[in-house]
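Participant: I have a structure here, written as structure tokens, and I will follow up with some questions on it.
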There are 2 protein chains.
Amino acid sequence: MREVFRNELDELATQLVDMSTKVLDSIRLANQAVQNNDLDLAERVIEADADIDAMQHTLDQQAAEILALQAPVAADLRAVIGALRMSASLERMGDLARHIAQQVRIRYPESAIPQHFSGTFARMGDAAEKIAEATVNLLSNPGLSMVPTINAIDEELDELHLSVFAKLADAPAEDLAPRHIADVTLLSRYYERFGDHAVSVSQKVEYLLTGNWEPYLSRK
Amino acid sequence: MREVFRNELDELATQLVDMSTKVLDSIRLANQAVQNNDLDLAERVIEADADIDAMQHTLDQQAAEILALQAPVAADLRAVIGALRMSASLERMGDLARHIAQQVRIRYPESAIPQHFSGTFARMGDAAEKIAEATVNLLSNPGLSMVPTINAIDEELDELHLSVFAKLADAPAEDLAPRHIADVTLLSRYYERFGDHAVSVSQKVEYLLTGNWEPYLSRK
């Protein structure tokens with residue numbers, strides 16, 4: 001009986017790794033789609049998001065069954081609650097990759113990124129990929145060694161997000177159509193939120209390993 | 001023993017009502033702050049968000065204790081999982097009210113809403129208040145009667161959000177500075193997301209009452 005239970009918990013952990021790997025794929029393709037204005041790639045990201053949603057659905061159902069049938073306590077209970085929370089964050093990261101791809105589709109054949117901003121969004125895309133990779137690592141290997149990396153990349157994303165507004169404020173109005181400014185604002189917001197959710201996942205891993213909610217609260 | 005357990009579940013339900021009431025207060029004040037460009041009010045909303053975060057923290061700890069000590073099953077288990085999910089959505093609604101207030105502070109003494117958009121944001125603010133009221137009702141009175149109301153207001157918010165972009169596309173570039181367009185884009189997105197989270201809460205109430213995840217998935 002206990003072995004069945006351990007296998008079930010391991011299965012949840014494996015599903016979280018699978019979800020995060022799928023999120024990494026999505027953000028990589030979304031970055032390529034937005035940087036190369038590639039509509040086909042954008043469509044692929046939009047379609048693939050349904051798979052991530054389905055993975056969350058499966059994981060959540062299994063977590064609920066474990067709670068019902070095994071009535072876990074202490075660290076095991078934390079693992080199941082943590083899995084429920086992390087699946088919600090990973091699902092949102094998938095949504096945000098989809099939102100980025102949708103901006104490409106909305107603006108096509110025009111580019112969603114005005115040339116003036118291509119460098120900034122290349123850096124944002126790079127940071128988003130790195131934070132998604134770090135999230136896969138965090139979930140694949142027990143331990144907190146990835147937490148500082150994730151926090152540092154999130155700060156980089158926050159700074160890039162602020163730099164977009166500084167750049168918008170400096171740009172002469174005649175260089176940018178209102179729709180371009182709206183695109184840039186939304187895209188920047190999506191990348192920034194993508195980082196926030198990776199931080200949420202890492203905070204939940206901290207909670208899982210320490211039982212302490214404080215890091216979760218302290219960064220609010 | 002069972003009576004203690006029932007009281008604990010009732011206590012979770014009461015806390016969700018309290019959280020939603022606090023969210024309603026915040027969005028009301030945030031609307032006034034943004035519509036009247038009132039910095040003091042904006043500061044109050046920003047400060048009050050810490051209370052909503054603390055309420056979520058308390059609720060989640062109690063839910064985890066109930067899972068650990070009572071090992072609920074079936075409908076009771078769904079209630080506890082549902083409470084954990086709903087507290088996360090309500091906490092995000094509080095964050096979004098704070099984000100709206102922060103836009104007032106960032107742009108002050110200038111208004112965050114260009115005059116051209118004041119009518120649209122008055123309607124968005126009104127819809128956000130109504131959806132927050134409906135959420136309080138939903139959580140106060142068992143049943144699904146509020147669900148169609150919440151979905152209808154959410155659709156109204158989505159339409160208003162799209163109308164903002166249509167209006168931006170039509171606006172002559174010289175009428176709007178880039179910072180105004182960025183403000184309008186973000187504010188509109190915050191209101192739209194506020195509605196999405198109310199829908200999430202109502203979907204969780206459906207799950208709670210029916211055990212069925214499908215409405216949750218079907219609206220993804």
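Participant: I'd like to know which of B:ILE181, A:MET55, B:VAL45 lies farthest towards the positive end of the charge dipole of the protein assembly as shown, counting +1 on Cβ of Lys and Arg and -1 on Cβ of Asp and Glu.
Facilitator: The listed residue farthest towards the positive side: A:MET55.
Participant: If you don't mind, another one. Can you give the alpha-carbon Rg of region B:1-210 over 2.2 N^0.38 Å, where N counts its residues?
Facilitator: Values: Rg = 18.7 Å, N = 210, 2.2 N^0.38 = 16.8 Å.
For region B:1-210, the normalised Cα radius of gyration is 1.12.
Participant: Sticking with the crude label model, points 7 Å out along Cα→Cβ, report the distance from A:SER118 to B:ALA122 in nm, one decimal please.
Facilitator: 4.5 nm
Participant: To test your reading of the geometry: what angle, between 0 and 90 degrees and rounded to tens, separates the Cα axis of helix A:118-140 from the longest principal axis of chain A?
Facilitator: 10 degrees
Participant: Tell me: how much accessible area in total is hidden between B and A, 1.4 Å probe, Å², nearest 100? Walk me through the numbers on the way to the answer.
Facilitator: Working: alone 10540 and 10550 Å², together 17860 Å².
The summed interface area works out to 3200 Å².
Participant: Pairs A:LYS204/B:LYS22; A:LYS130/A:LYS167; A:LYS22/A:LYS204; A:LYS167/B:LYS204; A:LYS130/B:LYS130: which exceed 31 Å Cα-Cα? The partial results should precede the final answer.
Facilitator: Values: A:LYS204/B:LYS22 25 Å; A:LYS130/A:LYS167 24 Å; A:LYS22/A:LYS204 19 Å; A:LYS167/B:LYS204 41 Å; A:LYS130/B:LYS130 40 Å.
Result: A:LYS167/B:LYS204; A:LYS130/B:LYS130 exceed 31 Å.
Participant: Could you point to the residue in A:VAL136, A:HIS197, A:ALA75 farthest towards the positive end of region A:1-210's charge dipole, with +1 and -1 charges on the Cβ of Lys/Arg and Asp/Glu respectively?
Facilitator: About the Cα centre, the residue reaching furthest to the positive side is A:ALA75.
Participant: 7 Å from Cα along Cα→Cβ at both A:VAL73 and A:ILE106: what's the point-to-point distance in nm?
Facilitator: Reported label-point gap for A:VAL73 and A:ILE106 is 5.1 nm.
Participant: Along Cα→Cβ, 7 Å out, is where each label goes; now give me the distance between the ones at A:GLU174 and B:LEU144 in nm to one decimal.
Facilitator: Taking the two extended label points, one gets 5.9 nm.
Participant: What do you get for the angle between helix B:178-210 and the principal long axis of chain B? Use alpha-carbon atoms, 0 to 90 degrees, nearest ten.
Facilitator: The answer is roughly 20 degrees.
Participant: Taking the highest mean first, how do the peptides B:31-44, B:185-198, B:97-110 order by number of other beta carbon atoms within 10 angstrom per residue? List each step's numbers first, then the result.
Facilitator: Numbers: B:31-44: 18.4, B:185-198: 23.8, B:97-110: 20.1.
Output ranking for B:31-44, B:185-198, B:97-110: B:185-198, B:97-110, B:31-44.
Participant: Still on this structure, I have one more. Let's test the formula: R0 of 45 Å, r as the Cβ-Cβ distance of B:ALA152 and A:GLU3. What FRET efficiency results, to the nearest 0.05? Numbers along the way, then the final one.
Facilitator: On the way: r = 50 Å, r/R0 = 1.12.
Rounded to the nearest 0.05, the efficiency is 0.35.
Participant: For chain B, what does -39500 (n - 2.57) per DSSP helix run (n ≥ 4), summed and divided by total residues, give at 222 nm, in deg cm²/dmol to the nearest 500? Let's see the in-between values first.
Facilitator: On the way: 7 runs with 186 residues, N = 220.
So the helix-based figure for chain B works out to -30000 deg cm²/dmol.
Participant: How much of the accessible area of chain A, in percent, comes from carbon and sulfur atoms when a 1.4 Å probe is used? Please report the intermediate quantities before stating the final value.
Facilitator: On the way: 4450 of 8930 Å².
Exposed carbon and sulfur together represent 50 percent of the surface.
Participant: Counting only other chains, what is the mean number of Cβ atoms within 10 angstrom of the Cβ of each residue in peptide A:181-193?
Facilitator: Details: counts 11, 11, 2, 4, 9, 6, 0, 3, 5, 1, 0, 0, 1.
That average works out to 4.
Participant: Accessible area per residue for the protein assembly as shown in Å², computed with a 1.4 Å probe and the full protein assembly in place, what is it?
Facilitator: Here the per-residue accessible area is 41 Å².
Participant: Okay, moving on. Measuring label to label, 7 Å along Cα→Cβ, what does A:GLU65 give against each other copy in nm, shortest first?
Facilitator: Copy-to-copy label distances for A:GLU65: 3.2 nm.
The values are calculated or read from the model by the stated rules, or taken from the named source; none is laboratory data. Computed from a prediction, not measured in an experiment: that's the story for all the values here. Cβ coordinates were reconstructed from backbone atoms using ideal geometry, including for glycine residues, and neighbour counts include every protein chain displayed. Each accessible area value is taken on the protein alone, full model and side chains, heavy atoms only, with ligands, DNA and RNA left out. Shrake-Rupley method; radii C 1.70, N 1.55, O 1.52, S 1.80 Å.
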